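In what follows, a single structure is set out as C-alpha coordinates and then discussed.
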Amino acid sequence: MDTDHAPARGDRPAPHPQQTAPNAPAAPEDLLPADVAEQFGTAGSQTAYLNTATYGLPPLEAHEAVVRAERDRATGRLDLDAMDAAVSGSRAAFARLLGLTPDRVAVGSQASQLVGLVAAALPDGAEVVAAEGDFTSLLFPLLAQEQRGVHVRLVPLPELAASVRPSTDLVAVSAVQSSDGAVAALDEIAAAAAANGARTLVDATQAAGWLPLAADRVDLLVCGGYKWLLAPRGTCFLAGTAEALAELPPLGAGWYAGAEIWDSVYGGPLRLASDARRLDLAPVWPAWAGQAPALEFLAEVGVEAIHRHDLALAARFRSGLGLPAGDSAIVSLPLPPGSAERLARAGVVAAERAGRMRFSFHLSTTPDDVDRAVEAIASVDGAGDALGAATADR
Ligand SMILES: Cc1ncc(COP(=O)(O)O)c(C=O)c1O
(Lines give C-alpha, C1' and ligand atoms only; values in the text may rest on other atoms or scores of the structure.)
Protein backbone atom coordinates (compact mmCIF):
# COMPACT_ATOMS: atom_id res chain seq x y z
CA MET A 1 0.00 0.00 0.00
CA ASP A 2 1.21 3.47 -0.80
CA THR A 3 1.69 5.22 2.49
CA ASP A 4 5.32 6.28 2.22
CA HIS A 5 5.13 9.63 0.55
CA ALA A 6 3.04 12.71 1.15
CA PRO A 7 0.83 13.39 -1.89
CA ALA A 8 0.83 16.95 -3.14
CA ARG A 9 -2.01 17.31 -5.63
CA GLY A 10 -4.58 15.23 -3.74
CA ASP A 11 -3.25 16.32 -0.37
CA ARG A 12 -5.98 16.54 2.25
CA PRO A 13 -7.22 14.34 5.06
CA ALA A 14 -9.11 11.26 3.93
CA PRO A 15 -12.82 11.93 4.51
CA HIS A 16 -13.46 8.16 4.71
CA PRO A 17 -11.60 5.18 6.02
CA GLN A 18 -9.08 3.93 3.45
CA GLN A 19 -11.27 1.13 2.07
CA THR A 20 -14.54 2.73 0.98
CA ALA A 21 -17.34 0.44 2.09
CA PRO A 22 -18.89 -1.38 -0.86
CA ASN A 23 -22.09 0.30 -1.97
CA ALA A 24 -21.38 3.51 -0.01
CA PRO A 25 -22.09 6.39 -2.41
CA ALA A 26 -18.95 8.51 -2.88
CA ALA A 27 -19.38 12.23 -2.18
CA PRO A 28 -18.60 14.97 -4.76
CA GLU A 29 -15.91 16.41 -2.47
CA ASP A 30 -13.98 13.21 -3.12
CA LEU A 31 -13.06 14.54 -6.56
CA LEU A 32 -9.49 15.60 -7.30
CA PRO A 33 -8.71 19.25 -8.02
CA ALA A 34 -9.54 20.19 -11.62
CA ASP A 35 -5.87 20.80 -12.49
CA VAL A 36 -5.29 17.03 -12.40
CA ALA A 37 -7.61 16.38 -15.38
CA GLU A 38 -5.97 19.33 -17.14
CA GLN A 39 -2.76 17.29 -17.34
CA PHE A 40 -4.32 15.05 -19.99
CA GLY A 41 -4.77 15.43 -23.73
CA THR A 42 -8.56 15.22 -23.43
CA ALA A 43 -8.74 18.42 -21.33
CA GLY A 44 -11.05 20.96 -22.96
CA SER A 45 -11.94 18.54 -25.77
CA GLN A 46 -15.31 17.07 -26.68
CA THR A 47 -14.09 13.58 -25.83
CA ALA A 48 -15.32 11.86 -22.68
CA TYR A 49 -12.65 9.18 -22.31
CA LEU A 50 -14.09 6.38 -20.17
CA ASN A 51 -11.81 3.62 -21.37
CA THR A 52 -8.75 3.38 -19.11
CA ALA A 53 -9.56 -0.32 -18.69
CA THR A 54 -8.46 -0.65 -22.34
CA TYR A 55 -5.56 1.80 -22.27
CA GLY A 56 -4.66 4.70 -20.00
CA LEU A 57 -4.05 8.25 -21.15
CA PRO A 58 -0.62 9.66 -20.36
CA PRO A 59 -0.20 12.79 -18.25
CA LEU A 60 1.27 15.44 -20.56
CA GLU A 61 4.72 15.20 -19.02
CA ALA A 62 4.82 11.45 -19.59
CA HIS A 63 3.64 11.87 -23.16
CA GLU A 64 6.35 14.46 -23.76
CA ALA A 65 8.97 12.07 -22.35
CA VAL A 66 7.94 9.38 -24.84
CA VAL A 67 7.96 11.80 -27.75
CA ARG A 68 11.35 13.13 -26.62
CA ALA A 69 12.81 9.62 -26.46
CA GLU A 70 11.53 8.88 -29.96
CA ARG A 71 12.84 12.20 -31.26
CA ASP A 72 16.22 11.42 -29.70
CA ARG A 73 16.21 7.98 -31.29
CA ALA A 74 15.29 9.43 -34.68
CA THR A 75 18.25 11.79 -34.47
CA GLY A 76 20.69 9.19 -33.15
CA ARG A 77 20.87 10.77 -29.70
CA LEU A 78 18.94 8.31 -27.55
CA ASP A 79 20.39 8.44 -24.03
CA LEU A 80 20.64 4.83 -22.86
CA ASP A 81 21.63 5.82 -19.33
CA ALA A 82 18.40 7.82 -19.14
CA MET A 83 16.47 4.75 -20.36
CA ASP A 84 18.07 2.62 -17.61
CA ALA A 85 17.18 5.33 -15.10
CA ALA A 86 13.57 5.26 -16.34
CA VAL A 87 13.42 1.50 -15.70
CA SER A 88 14.99 1.68 -12.25
CA GLY A 89 12.89 4.73 -11.33
CA SER A 90 9.74 2.89 -12.43
CA ARG A 91 10.73 -0.23 -10.52
CA ALA A 92 11.25 1.82 -7.35
CA ALA A 93 8.00 3.76 -7.81
CA PHE A 94 6.01 0.59 -8.45
CA ALA A 95 7.57 -1.02 -5.37
CA ARG A 96 6.56 2.03 -3.29
CA LEU A 97 3.03 1.86 -4.68
CA LEU A 98 2.76 -1.68 -3.30
CA GLY A 99 4.71 -1.12 -0.09
CA LEU A 100 7.60 -3.33 -1.27
CA THR A 101 11.30 -2.85 -1.85
CA PRO A 102 12.62 -2.65 -5.45
CA ASP A 103 14.64 -5.87 -5.10
CA ARG A 104 11.29 -7.67 -5.11
CA VAL A 105 10.16 -6.27 -8.47
CA ALA A 106 11.13 -7.63 -11.91
CA VAL A 107 10.25 -5.88 -15.16
CA GLY A 108 9.00 -7.17 -18.48
CA SER A 109 6.74 -6.01 -21.24
CA GLN A 110 3.60 -8.17 -21.07
CA ALA A 111 1.54 -9.80 -18.36
CA SER A 112 1.20 -13.13 -20.18
CA GLN A 113 4.96 -13.50 -20.48
CA LEU A 114 5.51 -12.96 -16.75
CA VAL A 115 2.59 -15.22 -15.82
CA GLY A 116 4.29 -17.77 -18.07
CA LEU A 117 7.26 -17.86 -15.68
CA VAL A 118 4.95 -18.67 -12.79
CA ALA A 119 3.18 -21.31 -14.88
CA ALA A 120 6.49 -22.87 -15.93
CA ALA A 121 7.56 -23.18 -12.28
CA LEU A 122 4.51 -25.29 -11.33
CA PRO A 123 5.37 -28.93 -10.72
CA ASP A 124 3.83 -31.57 -13.03
CA GLY A 125 0.39 -32.45 -11.70
CA ALA A 126 0.00 -29.17 -9.81
CA GLU A 127 -3.50 -27.89 -9.12
CA VAL A 128 -4.39 -24.29 -9.94
CA VAL A 129 -7.67 -22.60 -9.02
CA ALA A 130 -8.66 -19.53 -11.00
CA ALA A 131 -11.75 -17.47 -11.76
CA GLU A 132 -13.74 -18.46 -14.83
CA GLY A 133 -13.95 -15.54 -17.26
CA ASP A 134 -10.72 -14.00 -16.00
CA PHE A 135 -8.48 -12.30 -18.55
CA THR A 136 -6.72 -14.78 -20.80
CA SER A 137 -3.23 -13.33 -20.28
CA LEU A 138 -3.61 -14.75 -16.78
CA LEU A 139 -5.43 -17.97 -17.70
CA PHE A 140 -3.79 -19.09 -20.95
CA PRO A 141 -0.20 -19.40 -19.66
CA LEU A 142 -1.59 -21.61 -16.87
CA LEU A 143 -3.92 -23.59 -19.15
CA ALA A 144 -1.02 -24.13 -21.56
CA GLN A 145 0.65 -26.23 -18.84
CA GLU A 146 -2.23 -28.72 -18.79
CA GLN A 147 -0.40 -30.72 -21.45
CA ARG A 148 2.08 -31.77 -18.76
CA GLY A 149 -0.54 -32.62 -16.18
CA VAL A 150 -1.11 -29.27 -14.47
CA HIS A 151 -4.82 -29.09 -13.66
CA VAL A 152 -6.55 -25.70 -13.76
CA ARG A 153 -9.92 -25.56 -12.02
CA LEU A 154 -12.04 -22.59 -13.14
CA VAL A 155 -14.70 -21.49 -10.67
CA PRO A 156 -16.97 -18.43 -10.35
CA LEU A 157 -15.08 -15.49 -8.84
CA PRO A 158 -17.24 -15.26 -5.68
CA GLU A 159 -16.48 -18.96 -4.99
CA LEU A 160 -12.73 -18.69 -5.43
CA ALA A 161 -11.72 -18.57 -1.77
CA ALA A 162 -14.08 -21.42 -0.85
CA SER A 163 -12.73 -23.53 -3.72
CA VAL A 164 -9.16 -23.67 -2.42
CA ARG A 165 -8.30 -27.13 -1.07
CA PRO A 166 -5.26 -28.74 0.54
CA SER A 167 -4.39 -30.15 -2.93
CA THR A 168 -4.26 -26.63 -4.43
CA ASP A 169 -0.80 -25.30 -5.34
CA LEU A 170 -1.70 -21.92 -6.79
CA VAL A 171 -4.66 -19.53 -6.71
CA ALA A 172 -4.54 -17.12 -9.64
CA VAL A 173 -6.89 -14.16 -9.94
CA SER A 174 -7.17 -10.63 -11.22
CA ALA A 175 -7.61 -8.13 -8.39
CA VAL A 176 -10.21 -6.45 -10.60
CA GLN A 177 -11.88 -8.25 -13.48
CA SER A 178 -11.30 -6.80 -16.93
CA SER A 179 -14.73 -7.86 -18.22
CA ASP A 180 -16.97 -6.22 -15.63
CA GLY A 181 -14.84 -4.53 -12.95
CA ALA A 182 -15.66 -7.04 -10.19
CA VAL A 183 -13.25 -6.58 -7.29
CA ALA A 184 -11.82 -9.83 -5.92
CA ALA A 185 -11.98 -10.51 -2.17
CA LEU A 186 -8.19 -10.62 -1.93
CA ASP A 187 -8.08 -10.89 1.87
CA GLU A 188 -10.34 -13.94 1.84
CA ILE A 189 -8.52 -15.50 -1.11
CA ALA A 190 -5.10 -14.95 0.48
CA ALA A 191 -6.34 -16.38 3.78
CA ALA A 192 -7.79 -19.46 2.08
CA ALA A 193 -4.57 -20.00 0.13
CA ALA A 194 -2.42 -19.65 3.26
CA ALA A 195 -4.66 -22.03 5.20
CA ASN A 196 -4.26 -24.66 2.45
CA GLY A 197 -0.56 -24.17 1.77
CA ALA A 198 -1.18 -22.70 -1.69
CA ARG A 199 0.54 -19.72 -3.30
CA THR A 200 -1.33 -16.73 -4.71
CA LEU A 201 -0.75 -15.01 -8.05
CA VAL A 202 -2.63 -11.73 -8.44
CA ASP A 203 -2.95 -9.86 -11.72
CA ALA A 204 -3.20 -6.20 -10.71
CA THR A 205 -3.36 -4.80 -14.26
CA GLN A 206 -6.92 -3.48 -13.75
CA ALA A 207 -6.34 -2.45 -10.13
CA ALA A 208 -2.93 -0.92 -9.36
CA GLY A 209 -3.12 2.82 -9.82
CA TRP A 210 -6.65 3.25 -8.47
CA LEU A 211 -7.22 0.53 -5.88
CA PRO A 212 -5.01 0.60 -2.78
CA LEU A 213 -3.26 -2.78 -2.73
CA ALA A 214 -1.07 -4.27 -0.06
CA ALA A 215 1.18 -6.68 -1.93
CA ASP A 216 2.44 -8.24 1.30
CA ARG A 217 -0.78 -10.27 1.29
CA VAL A 218 0.11 -12.08 -1.94
CA ASP A 219 2.98 -14.30 -3.04
CA LEU A 220 3.26 -13.05 -6.62
CA LEU A 221 1.73 -10.13 -8.45
CA VAL A 222 1.80 -9.22 -12.14
CA CYS A 223 0.81 -5.79 -13.40
CA GLY A 224 0.81 -4.29 -16.88
CA GLY A 225 1.53 -0.56 -16.94
CA TYR A 226 -0.49 0.58 -19.95
CA LYS A 227 -3.87 1.00 -18.28
CA TRP A 228 -4.26 2.53 -14.80
CA LEU A 229 -0.49 3.19 -14.53
CA LEU A 230 -0.72 5.40 -17.63
CA ALA A 231 2.25 4.07 -19.62
CA PRO A 232 2.45 3.22 -23.30
CA ARG A 233 2.04 -0.49 -24.02
CA GLY A 234 5.28 -2.33 -23.24
CA THR A 235 5.83 -2.07 -19.48
CA CYS A 236 4.93 -4.78 -17.00
CA PHE A 237 5.96 -5.66 -13.43
CA LEU A 238 6.30 -8.91 -11.54
CA ALA A 239 6.50 -8.51 -7.76
CA GLY A 240 6.50 -11.06 -4.99
CA THR A 241 7.96 -12.44 -1.84
CA ALA A 242 11.66 -13.28 -2.02
CA GLU A 243 10.82 -17.02 -1.63
CA ALA A 244 8.20 -17.12 -4.38
CA LEU A 245 10.39 -15.11 -6.78
CA ALA A 246 13.42 -17.32 -6.12
CA GLU A 247 11.46 -20.35 -7.39
CA LEU A 248 10.78 -18.81 -10.80
CA PRO A 249 12.95 -19.87 -13.73
CA PRO A 250 14.70 -16.99 -15.54
CA LEU A 251 13.38 -18.26 -18.88
CA GLY A 252 13.62 -14.96 -20.71
CA ALA A 253 16.77 -13.71 -19.04
CA GLY A 254 19.20 -11.91 -21.30
CA TRP A 255 21.73 -9.14 -20.89
CA TYR A 256 19.32 -6.98 -18.90
CA ALA A 257 18.98 -9.65 -16.17
CA GLY A 258 22.72 -9.69 -15.55
CA ALA A 259 24.22 -8.76 -12.19
CA GLU A 260 25.92 -5.77 -13.85
CA ILE A 261 23.83 -4.93 -16.89
CA TRP A 262 26.54 -3.44 -19.07
CA ASP A 263 29.03 -6.17 -18.07
CA SER A 264 26.57 -8.85 -19.06
CA VAL A 265 26.28 -8.24 -22.76
CA TYR A 266 28.68 -10.89 -24.07
CA GLY A 267 29.67 -14.43 -23.30
CA GLY A 268 29.33 -16.86 -20.41
CA PRO A 269 29.28 -17.74 -17.69
CA LEU A 270 25.72 -17.12 -16.59
CA ARG A 271 25.88 -14.21 -14.17
CA LEU A 272 22.36 -13.10 -13.30
CA ALA A 273 21.35 -10.55 -10.67
CA SER A 274 20.70 -12.10 -7.27
CA ASP A 275 17.36 -10.37 -6.66
CA ALA A 276 14.15 -10.08 -8.73
CA ARG A 277 16.15 -8.41 -11.50
CA ARG A 278 17.29 -11.89 -12.57
CA LEU A 279 13.85 -12.21 -14.19
CA ASP A 280 14.02 -8.88 -16.05
CA LEU A 281 13.44 -8.60 -19.77
CA ALA A 282 15.29 -5.98 -21.77
CA PRO A 283 13.17 -2.81 -21.75
CA VAL A 284 10.97 -1.40 -24.49
CA TRP A 285 12.74 1.94 -24.22
CA PRO A 286 10.06 4.50 -25.13
CA ALA A 287 7.49 2.70 -23.00
CA TRP A 288 9.68 3.02 -19.91
CA ALA A 289 10.47 6.63 -20.79
CA GLY A 290 6.72 7.22 -20.35
CA GLN A 291 6.19 4.89 -17.40
CA ALA A 292 8.61 6.65 -15.04
CA PRO A 293 6.99 10.13 -15.12
CA ALA A 294 3.52 8.55 -15.13
CA LEU A 295 4.29 6.69 -11.90
CA GLU A 296 5.70 9.88 -10.39
CA PHE A 297 2.50 11.67 -11.31
CA LEU A 298 0.38 8.92 -9.73
CA ALA A 299 2.49 9.02 -6.55
CA GLU A 300 2.17 12.77 -6.38
CA VAL A 301 -1.63 12.59 -6.56
CA GLY A 302 -1.70 9.57 -4.24
CA VAL A 303 -3.53 6.32 -4.71
CA GLU A 304 -5.93 6.95 -1.83
CA ALA A 305 -7.05 10.21 -3.43
CA ILE A 306 -7.32 8.55 -6.85
CA HIS A 307 -9.41 5.77 -5.33
CA ARG A 308 -11.87 8.31 -3.92
CA HIS A 309 -11.96 10.25 -7.20
CA ASP A 310 -12.51 7.25 -9.46
CA LEU A 311 -15.24 5.82 -7.21
CA ALA A 312 -16.93 9.22 -6.89
CA LEU A 313 -17.19 9.44 -10.67
CA ALA A 314 -18.37 5.85 -10.99
CA ALA A 315 -20.98 6.61 -8.30
CA ARG A 316 -22.14 9.72 -10.18
CA PHE A 317 -22.47 7.63 -13.34
CA ARG A 318 -24.40 4.88 -11.60
CA SER A 319 -26.72 7.24 -9.81
CA GLY A 320 -27.33 9.21 -13.04
CA LEU A 321 -28.56 5.95 -14.56
CA GLY A 322 -30.63 5.00 -11.52
CA LEU A 323 -28.26 2.19 -10.57
CA PRO A 324 -27.14 1.29 -7.05
CA ALA A 325 -23.61 2.34 -6.00
CA GLY A 326 -20.71 -0.05 -6.52
CA ASP A 327 -17.13 -0.53 -5.38
CA SER A 328 -15.22 -0.42 -8.69
CA ALA A 329 -13.78 2.19 -11.04
CA ILE A 330 -15.07 -0.02 -13.88
CA VAL A 331 -18.79 -0.20 -14.60
CA SER A 332 -20.20 -2.74 -17.04
CA LEU A 333 -23.71 -2.30 -18.41
CA PRO A 334 -25.99 -4.49 -20.53
CA LEU A 335 -26.85 -1.84 -23.11
CA PRO A 336 -28.81 -2.59 -26.29
CA PRO A 337 -27.02 -3.27 -29.59
CA GLY A 338 -26.04 -0.02 -31.32
CA SER A 339 -25.10 1.70 -28.07
CA ALA A 340 -21.39 1.79 -28.91
CA GLU A 341 -22.08 3.77 -32.10
CA ARG A 342 -24.47 6.14 -30.33
CA LEU A 343 -21.93 6.78 -27.58
CA ALA A 344 -19.11 7.28 -30.07
CA ARG A 345 -21.19 9.88 -31.91
CA ALA A 346 -21.62 11.73 -28.60
CA GLY A 347 -17.86 11.68 -28.06
CA VAL A 348 -18.01 9.04 -25.32
CA VAL A 349 -15.20 6.50 -25.57
CA ALA A 350 -16.04 3.21 -23.89
CA ALA A 351 -15.47 -0.43 -24.79
CA GLU A 352 -17.66 -3.36 -25.77
CA ARG A 353 -16.58 -6.30 -23.63
CA ALA A 354 -18.24 -9.63 -22.88
CA GLY A 355 -21.40 -8.51 -24.71
CA ARG A 356 -21.79 -5.40 -22.55
CA MET A 357 -20.49 -1.83 -22.54
CA ARG A 358 -17.63 -1.15 -20.16
CA PHE A 359 -16.96 2.32 -18.75
CA SER A 360 -13.91 3.20 -16.66
CA PHE A 361 -13.18 6.32 -14.63
CA HIS A 362 -9.72 7.62 -13.84
CA LEU A 363 -7.65 10.79 -13.42
CA SER A 364 -8.53 12.40 -16.73
CA THR A 365 -12.28 11.94 -16.14
CA THR A 366 -14.38 14.93 -15.14
CA PRO A 367 -17.98 15.14 -13.87
CA ASP A 368 -18.90 16.66 -17.26
CA ASP A 369 -17.57 13.53 -18.97
CA VAL A 370 -19.77 11.41 -16.75
CA ASP A 371 -22.83 13.55 -17.40
CA ARG A 372 -22.22 13.43 -21.13
CA ALA A 373 -22.08 9.63 -20.99
CA VAL A 374 -25.24 9.41 -18.89
CA GLU A 375 -27.06 11.66 -21.36
CA ALA A 376 -25.81 9.65 -24.34
CA ILE A 377 -26.92 6.38 -22.75
CA ALA A 378 -30.33 7.84 -21.90
CA SER A 379 -30.79 8.67 -25.60
CA VAL A 380 -30.23 5.04 -26.70
CA ASP A 381 -33.50 3.30 -27.53
CA GLY A 382 -34.22 0.60 -24.99
CA ALA A 383 -31.37 1.53 -22.63
CA GLY A 384 -33.72 2.34 -19.74
CA ASP A 385 -35.47 -1.04 -20.05
CA ALA A 386 -32.16 -2.92 -20.33
CA LEU A 387 -30.75 -1.23 -17.23
CA GLY A 388 -34.03 -1.61 -15.32
CA ALA A 389 -34.08 -5.35 -16.08
CA ALA A 390 -30.45 -5.70 -15.01
CA THR A 391 -31.13 -3.90 -11.72
CA ALA A 392 -34.19 -6.05 -11.05
CA ASP A 393 -32.05 -9.19 -11.62
CA ARG A 394 -29.56 -8.29 -8.92
C1 LIG B 1 -6.38 -8.30 -16.05
C2 LIG B 1 -5.52 -8.08 -17.25
N3 LIG B 1 -4.30 -8.62 -17.30
C4 LIG B 1 -3.48 -8.44 -18.34
C5 LIG B 1 -3.87 -7.68 -19.43
C6 LIG B 1 -2.93 -7.48 -20.58
O7 LIG B 1 -2.14 -8.60 -20.76
P8 LIG B 1 -0.89 -8.59 -21.74
O9 LIG B 1 0.10 -7.68 -21.13
O10 LIG B 1 -0.45 -10.00 -21.74
O11 LIG B 1 -1.38 -8.12 -23.06
C12 LIG B 1 -5.15 -7.10 -19.43
C13 LIG B 1 -5.61 -6.31 -20.59
O14 LIG B 1 -6.76 -6.03 -20.75
C15 LIG B 1 -5.97 -7.30 -18.30
O16 LIG B 1 -7.19 -6.74 -18.26
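The values are calculated or read from the model by the stated rules, or taken from the named source; none is laboratory data. These figures come from a predicted structure and were not determined experimentally. FYI the Cβ positions are ideal-geometry reconstructions off the backbone, even for glycines, and counts take in every protein chain you see. Each accessible area value is taken on the protein alone, full model and side chains, heavy atoms only, with ligands, DNA and RNA left out. Shrake-Rupley method; radii C 1.70, N 1.55, O 1.52, S 1.80 Å.
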Item to complete: Would you please list the contacts, defined by Cβ atoms under 7 Å and residues six or more apart or on different chains, that run from a residue in region 125-136 that is within 9 Å of residue 160 (Cα to Cα) to a residue that is assigned to a strand (DSSP E or B) and within 14 Å of the ligand (Cβ to nearest atom)?
Response: 130/172; 130/173; 131/173
Discussion item. I'd like to verify a number: residues in region 133-157 that are open to solvent by 30 Å² or more (accessible area, probe 1.4 Å) and part of a loop (DSSP other than H, G, I, E, B), how many?
Written reply: 4
Practice prompt. Please determine, by comparing only the residues of region 216-226 that are more than 12 Å from residue 175 (Cβ to Cβ) and part of a loop (DSSP other than H, G, I, E, B), which one is farthest from the ligand (Cβ to nearest atom).
Written response: 219
Worksheet, complete the sentence: Residues of region 126-155 being among the charged types (D, E, K, R) and under 26 Å from the mean Cα position of the chain (by Cα), in sequence order, are 127, 132, 134, 153
Practice prompt. Select, from 203, 263, the only residue that is acidic (Asp, Glu) and within 12 Å of the ligand (Cβ to nearest atom).
Written response: 203
Discussion item. Give me the residue from region 78-115 that is without any contact (Cβ under 8 Å) to a residue 40 or more places away in the chain and not in a helix (DSSP H, G or I) and, out of that set, nearest to residue 289 (Cα to Cα).
Written reply: 79
Worksheet item: From the list 173, 118, 164, 183, which one is open to solvent by less than 50 Å² (accessible area, probe 1.4 Å) and either away from the ligand (no atom under 16 Å from the Cβ) or of a type in the set (Phe, Trp, Tyr) (or both)?
Response: 164
Worksheet item: Can you tell me which residues in region 191-237 are surrounded by fewer than 24 Cβ atoms within 10 Å (Cβ to Cβ) and closer than 27 Å to residue 285 by Cβ?
Response: 232, 233, 234
Worksheet item: Is it the case that residue 124 is farther than 28 Å from residue 361 by Cβ and in a helix (DSSP H, G or I)?
Response: no
Practice prompt. Among the residues of region 316-374, write down those that are in a loop (DSSP other than H, G, I, E, B), under 16 Å from residue 181 (Cβ atoms) and not aliphatic (A, V, I, L, M).
Written response: 324, 326, 327, 328, 334, 355, 361, 362, 365
Discussion item. If residue 232 meets every condition in (1) more than 24 Å from residue 119 (Cβ to Cβ); (2) in contact with a Lys or Arg (Cβ under 6 Å, 6 or more places away or on another chain) apart from one, which number is that one?
Written reply: (2)
